[in-house]
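Please read the structure below before turning to the comments.
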Amino acid sequence: MSGVVEVGLGRRTRRGLAVWAWAVFAFLYVPIVVLVVFSFNASSRVNIWGGFSFQWYGEALRNDVITSAIRVSLIVALVSTVVSVVLGTAVALALDRYRFRGRRALDGTVYLPIVIPDITMAVMLLVFFAEAFKFIDSFGPRFTLGISTVALSHIAFNISFVCVVVRARLDQFDRTLEEAARDLYATGWQTFRRVTLPLIMPGVAAGGLLALTLSLDDVVISAFVSGPGSTTLPVYVFSSIRRGVTPELNAISTLMLTASIALVLGSLALQRRRAGAGRQTQVL
Amino acid sequence: MTEPVAAVEIEGVTKRFDDVVAVDNVDLAIDDGEFFALLGPSGCGKTTTLRMIAGLDLPTQGSLRIFGEEVGMAPPDRRPVNTVFQAYALFPHMTVRQNIEFGLRMRRVKDPELSQRVAEAIGMVRLAGMEERRPDQLSGGQQQRVALARALVNQPKVLLLDEPLGALDLKLRQEMQQELKALQREVGITFVFVTHDQEEALAMSERIGVMSEGRLLQVGSPREIYERPSSRFVADFIGRTNLIEATVESSGTVRLANGVVIEAETSAPAGSDVAVSLRPERIRVQSRGAGVSAGASLDGEVGDVTYLGHAVVYAVTAGPTLVEVRNEGEVGEPFAVGDEVTVSWDHGAAAVIAE
């Protein structure tokens, strides 16, 4: 007898599992589909279908409060991603290869922002800013909560995530490659630039995407540390939902969904292109 | 006439890692154009010595000169040496060509010289047609060649090789031994290579330095190292040998532990305790009573016979000592366990090791 031998589950069990799998999918995705469908609803009642229309997208994008929130979100996301990628990678490198005073303590604390609850972090940051402002104000300049405090807070938690991801990559890094580069006349900086960085790049990029997503996503911390005029999009959505779900919110949420799908697809495409050019690209 | 400058000159070099002494006060001079092997068991300090020449480790104390220039504390990019690493350490994100170009680009060598030298190096190691491949698309032997080309393209004054053939299987290793020797003759630069494989060291190098526990025990040609080991360790580590305790009688004779006096050259003073090294293949085994031609002999009894095809190894008990005898080729009458035999050797075969 040739052919595949069926092992394990009976037909009934398999059918049952398939149904279960579809149920899980439905549970995850039906709300999203409903959200997207109703964002094109011509009616102003959220739960009654009144025909297809782009009307609410127009309304949302004409709303100054919303466009300002989008702008704040994008600026904060970009700034905090760039800064935390640089700092997080630097911390990961330092922890991976140098022995210095306080290394152990840093190793333990750098991951704290990942495990402590958002709300704790938010209160901590708010108290910190209040104290810091009190101190700085005594020298003259006046600081208040605003877009810079939001960005600083996002940097604070993003560093940890970038650091974790980059360190996982560094764990597999073969240090003799750096010795080979040094032996071939590369200076310390050239070795980093030409050998170390390209090889840990998938980790750095993955850390960056994670940071970008987390920043665009954050509600709790941003709500605490933002001031007037520095409301991020998620914070705006969260606060307006208390006045009831409007079709406008559906439209904004759909836009955010599209943006994050585009981000994921973009990163996948980037990775596939690299993988075509060479091996080293499995993310982590 | 000035004396020719040594390619590598190591003087009183010691390397400590925390409390461990990896290299202990080593003095060594390697000549220009020489194929030199650093041989020893793992952990003997040979790789650390090589890494100090490369600049990847810095000596704790001592002086290290390359063609007369002190480089002991210089970073690797300031030394006229290149290294072939043990597992090759090829850059996985670069093609064969980019790997080979790396050193030249770091030195800002520009086209047309750049591409010409890269092409020469690729031709030298017979990798034409592989330029655009990545290291993971190459076999072990090909990766080895890329590593060689990547180092040699820079025209270093000294090429360092760290167990270069360790990752290859036996047949390929033997091929590469020949190839490396030919390559060294072709380029004429000094090769310093590290190995734990004594056969490889004997087969390939002009001179060998044997290391153990951080110390350089003996430096000499393969023949000197094999025939005239200066210490028990060297005698035992290089090939197989019989070490027999003995006492010096006079400058030309030693008394073996079982009382037999044999002729053997030694400079050790009379009365001192020494060991006599007898290579198994330099000893003959005969039936007791058959005429012993010349040299020295011991009577004994065959304790064990191992048939190896091209040779037969006898373990002969002669008084308190056990002698291993290796009869190659024309084996003559085979002996069996329990046979009464006489083992004999020519005068030159016994090497006296002064303690």
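The values are calculated or read from the model by the stated rules, or taken from the named source; none is laboratory data. Everything quoted here is computed from the prediction, not taken from an experiment. Cβ sites come from the backbone with ideal geometry, for glycine too, and all protein chains shown count toward neighbours.
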Worksheet item: For segment B:213-236, which residues satisfy the criterion of being in contact with a Lys or Arg (Cβ under 7 Å, 6 or more places away or on another chain) and either assigned to a strand (DSSP E or B) or modelled with pLDDT under 90 (or both)?
Response: B:VAL219, B:GLY220
Discussion item. Tell me whether segment A:203-223 contains one or more residues that are away from chain B (no Cβ under 14 Å) and at positive phi.
Written reply: no
Item to complete: Within segment B:67-106, track down each residue that is among the basic types (Lys, Arg) and touching a residue at least 12 places away in the same chain (Cβ under 8 Å).
Response: B:ARG78, B:ARG79, B:ARG97
Worksheet, complete the sentence: A:ILE136 fails exactly one of (1) exposed (fewer than 12 other Cβ atoms within 10 Å of the Cβ); (2) modelled with pLDDT under 85; (3) in a helix (DSSP H, G or I), namely (1)
Worksheet item: Among B:ALA182, B:ALA121, B:ALA167, B:ALA128, which is the only one that is of a type in the set (Gly, Ala, Ser) and buried (at least 16 other Cβ atoms within 10 Å of the Cβ)?
Response: B:ALA121
Discussion item. Between B:ASP57, B:ASP77, which is at the interface with chain A (Cβ under 8 Å from one of its Cβ atoms), in contact with a Ser or Thr (Cβ under 7 Å, 6 or more places away or on another chain) and more than 13 Å from B:VAL8 (Cβ to Cβ)?
Written reply: B:ASP77
Worksheet item: Looking at (1) surrounded by 22 or more Cβ atoms within 10 Å (Cβ to Cβ); (2) part of a loop (DSSP other than H, G, I, E, B), can you tell me which one B:ALA246 breaks?
Response: (2)
Worksheet item: Within the group B:ASP31, B:ASP24, B:ASP77, B:ASP18, which residue is under 17 Å from B:ARG215 (Cβ atoms) and of a type in the set (D, E, K, R)?
Response: B:ASP24
Item to complete: Select from segment A:13-72 the residues that are among the charged types (D, E, K, R) and closer than 20 Å to A:VAL237 by Cα and write down the one among them that is surrounded by the most Cβ atoms within 10 Å (Cβ to Cβ).
Response: A:GLU59
Worksheet item: Could you list, in sequence order, the residues of segment B:61-74 that are small (Gly, Ala, Ser) and either in contact with a Phe, Trp or Tyr (Cβ under 8 Å, 6 or more places away or on another chain) or under 10 Å from B:VAL5 (Cα atoms) (or both)?
Response: B:GLY68
Worksheet item: In this structure, is B:ALA87 at pLDDT below 95, under 22 Å from B:ARG173 (Cβ atoms), surrounded by 22 or more Cβ atoms within 10 Å (Cβ to Cβ) and within 12 Å of chain A (Cβ to nearest Cβ)?
Response: no
Discussion item. Give me the residue from segment A:44-58 that is in a helix (DSSP H, G or I) and over 13 Å from A:VAL245 (Cβ atoms) and, out of that set, nearest to the chain's Cα centre (by Cα).
Written reply: A:TYR57
Worksheet item: If you check A:VAL195, A:VAL162, which single one turns out to be touching a Phe, Trp or Tyr at 6+ places or on another chain (Cβ under 8 Å) and part of a helix (DSSP H, G or I)?
Response: A:VAL195
Fill in: Residue tally, condition at pLDDT 80 or above, closer than 20 Å to B:GLY239 by Cα and assigned to a loop (DSSP other than H, G, I, E, B), over segment B:323-347
1
Item to complete: Could you grab me the full set of residues in segment B:116-158 that are basic (Lys, Arg) and closer than 27 Å to B:LYS171 by Cβ?
Response: B:ARG126, B:ARG133, B:ARG134, B:ARG145, B:ARG150
Worksheet entry | Candidate set from segment A:94-143 (those that are aromatic (Phe, Trp, Tyr) and more than 23 Å from the chain's Cα centre (by Cα)); member that is nearest to A:ARG167 (Cα to Cα) | A:TYR98
Worksheet item: Considering only residues of segment A:155-202 that are closer than 23 Å to B:ASP77 by Cα and among the polar types (S, T, N, Q), which is farthest from the other protein chains (Cβ to nearest Cβ)?
Response: A:THR196
